[in-house]
């Protein structure tokens, strides 16, 4: 496929796992083997996010291309109505898929993602308002291609996105392996995608799993942010996991596995 590659394992009802920005399919290593005992597990990877060939992802249109590839794979393999789990940008891709091809997604678990990433810039943010900053961030990332990764920057980002030392080491490795040309453009497209007005129209049952911790975000802040973001969605379940950062499944694998089991059983 032009924008993604897929590895499938196990037998049973299908579960499609989509990683986030700059993350390989290995982000699901803690959950996939157990899941494969009872499900057909489809592990997605965005081309260019794991040292593999970036392919068509060197051009704009990455997010739409991924959604088109996912739909084509689902239709070809008769997987309509699959459970879809997406982390971060993968959660946004899951929402985009449910909006464009509602028959593809039976239910959707969104792991720490928002209908508009720009909400983190402020409650009144719009795609137009964040565009200049998003473009600057994209260009800076792309300019890093072919150069050694900025170790201090990678360390800082990994420490913000994960709490546990082992989680942080994994995130650092993944960031270093990802093609910054793909990561930069995908991040820009993510910041230019606002699905807030579409929430009421997405009839797919959705679960949002979100982290909180003692530092940032605390539970009251996280509760407020996610409940406001998804208030218009007609079929929404909220699951919070404490003592975790953005990479919830790495920081709290047992709590995440429990949430995943409950989602699949619902």
Enumerate the helices (runs of 4 or more DSSP H) found wholly within the stretch 1-117, keeping only those where 3 or more residues are within 22 Å of residue 235 (Cα to Cα) and modelled with pLDDT of 95 or more.
89-100
Going residue by residue through the stretch 120-138, is there one that turns out to be modelled with pLDDT under 95, surrounded by fewer than 19 Cβ atoms within 10 Å (Cβ to Cβ) and assigned to a helix (DSSP H, G or I)?
yes
How about the stretch 87-96: which of its residues are in contact with a strand residue (DSSP E or B) (Cβ under 6 Å, 6 or more places away or on another chain) and within 18 Å of residue 162 (Cβ to Cβ)?
87, 90, 91
Restricting the stretch 1-20 to residues that are within 12 Å of residue 83 (Cα to Cα) and in contact with a helix residue (DSSP H, G or I) (Cβ under 7 Å, 6 or more places away or on another chain), the one surrounded by the fewest Cβ atoms within 10 Å (Cβ to Cβ) turns out to be 17
Matching entry among 26, 32 (being out of contact with any strand residue (DSSP E or B) (no Cβ under 7 Å at 6 or more places or on another chain) and surrounded by 14 or more Cβ atoms within 10 Å (Cβ to Cβ))
26
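Yes or no, residue by residue, for (1) in contact with a helix residue (DSSP H, G or I) (Cβ under 9 Å, 6 or more places away or on another chain); (2) in contact (Cβ under 8 Å) with a residue 60 or more places away in the chain:
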{"position": "124", "(1), (2)": "no, no"}
{"position": "130", "(1), (2)": "yes, yes"}
{"position": "134", "(1), (2)": "yes, no"}
{"position": "140", "(1), (2)": "yes, no"}
{"position": "145", "(1), (2)": "yes, no"}
{"position": "152", "(1), (2)": "no, no"}
{"position": "194", "(1), (2)": "yes, yes"}
{"position": "198", "(1), (2)": "yes, yes"}
{"position": "203", "(1), (2)": "yes, yes"}
For the stretch 66-85 the number of residues that are within 19 Å of the chain's Cα centre (by Cα), touching a residue at least 40 places away in the same chain (Cβ under 8 Å) and over 13 Å from residue 193 (Cβ atoms) is 9
Residue ID - farthest from the chain's Cα centre (by Cα), chosen from residues in the stretch 225-241 that are closer than 26 Å to residue 254 by Cβ and exposed (fewer than 15 other Cβ atoms within 10 Å of the Cβ):
227
Restricting to the stretch 198-210, count the residues that are in a helix (DSSP H, G or I) and within 26 Å of residue 250 (Cα to Cα).
0
Which count do you get for residues in the stretch 171-197 that are within 23 Å of residue 26 (Cα to Cα) and either touching a strand residue (DSSP E or B) at 6+ places or on another chain (Cβ under 9 Å) or not in a helix (DSSP H, G or I) (or both)?
4
Check the stretch 141-150 and report whether any residue there is closer than 26 Å to residue 99 by Cβ, modelled with pLDDT of 95 or more and assigned to a helix (DSSP H, G or I).
no
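The values are calculated or read from the model by the stated rules, or taken from the named source; none is laboratory data. Worth saying up front: this structure is predicted, and the values here are computed from it rather than measured. All Cβ positions, even for glycine, are placed from backbone atoms using ideal geometry, and neighbour counts span all protein chains on display.
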